[in-house]
1. Tell me, what HN-Hα J-couplings in whole Hz come from the Karplus equation 6.51 cos²θ - 1.76 cosθ + 1.60 at θ = phi - 60° for each residue of segment 84-93, using x for Gly and Pro?
2. Report, to the nearest 10°, how far helix 42-58 tilts away from the longest principal axis of the Cα atoms in the chain, using its own Cα long axis and a range of 0 to 90°.
3. Compute the angle between helix 115-125 and the longest alpha-carbon principal axis of the chain, please, reported from 0 to 90 degrees and rounded to the nearest 10.
4. Roughly how many debye, to the nearest 20, is the charge dipole of the chain about its Cα centre, given +1 on each Lys and Arg Cβ, -1 on each Asp and Glu Cβ, and no other charges?
5. Based only on Cα atoms, what Rg/Rh ratio does segment 1-92 have, Rh being taken as Kirkwood's radius?
6. So with the 1.4 Å probe, I'd like the accessible area per residue for the chain, rounded to whole Å².
7. If eta is 1.567 mPa s and T is 4 °C, what Stokes-Einstein diffusion coefficient results for the chain, Kirkwood Rh from Cα pairs, in µm²/s?
8. Tilt of helix 8-18 relative to the longest C-alpha principal axis of the chain, in degrees (0 to 90, nearest 10)?
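The values are calculated or read from the model by the stated rules, or taken from the named source; none is laboratory data. This is a predicted model, so every value here is computed, not measured. Reconstructed Cβ throughout: ideal geometry from the backbone, glycine too, with neighbour counts over all protein chains shown. Just so you know, the surface numbers come from the protein's heavy atoms only, side chains and all, with ligands and any DNA or RNA stripped out. Shrake-Rupley method; radii C 1.70, N 1.55, O 1.52, S 1.80 Å.
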Amino acid sequence: GHQEEVDLERVLVEVVQILHDRIRSLKARITHDPLPTVLGERVLLVQLLRNLLSNALKFRSEQPPAIHVGAEKHGEHWVISVCDNGLGIEPSQHERIFEPFRRLQRSGEPGSGLGLTLVKRAVEQHGGRIWVDSRPGEGACFRFTLPVQQAVSAPD
C-alpha cells in the first residue's frame, strides 16, 4: 500500500463527520489529546478509527457515550487509545474479540463481526499491535501502536 504522512487529528475530524448523525442522536461527547502525524495508509487509518468509534457508540451503557482518543509517545512508537464509558468487555473475551466472526454475545446489533478483525489487520499492516483494557461495567480502552514518523526532510 501507499504510505504517506497522515495527520491523525484530520483523520479523527473526518471520522466524526462520517458518524455525525449517530453521535448527535446519542448525545455522545468525543474528546482527544493532540494527535500526531504518522507515516501510514490514510484509508486504513480512517477505517481503523471509524471502526473503534462505531464500536464505542454501539456498546454504550445507560449514560451518553463519552469517548476519548489519546496519544502517548513511547520511544519509537505512538500508543493511540480509544477509551469509552460503555459496557466493558469480559477479560476472557479480550483476545477473542479480534478473531473473525466472533460477535460479542451481548450485542443484538447487526454487523459482520469483522470490525475488530479489520482493525487488527490495519494496525498490523502499519507494523503495530493492538490490545484492549477493559472490565465489565467500566468501559473499554482499545490501544494500538503506530511507528513514530521518521523525518524525511532536512530540518530548516
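1. 10, 10, x, 6, x, 9, 4, x, 5, 8
2. That works out to roughly 20 degrees.
3. 20
4. Working: 19 positive and 20 negative charges, 139 e Å.
My answer is approximately 660 debye.
5. 0.99
6. Counting only protein heavy atoms, the per-residue value for the chain is 57 Å².
7. The diffusion coefficient I find is 81 µm²/s.
8. 40
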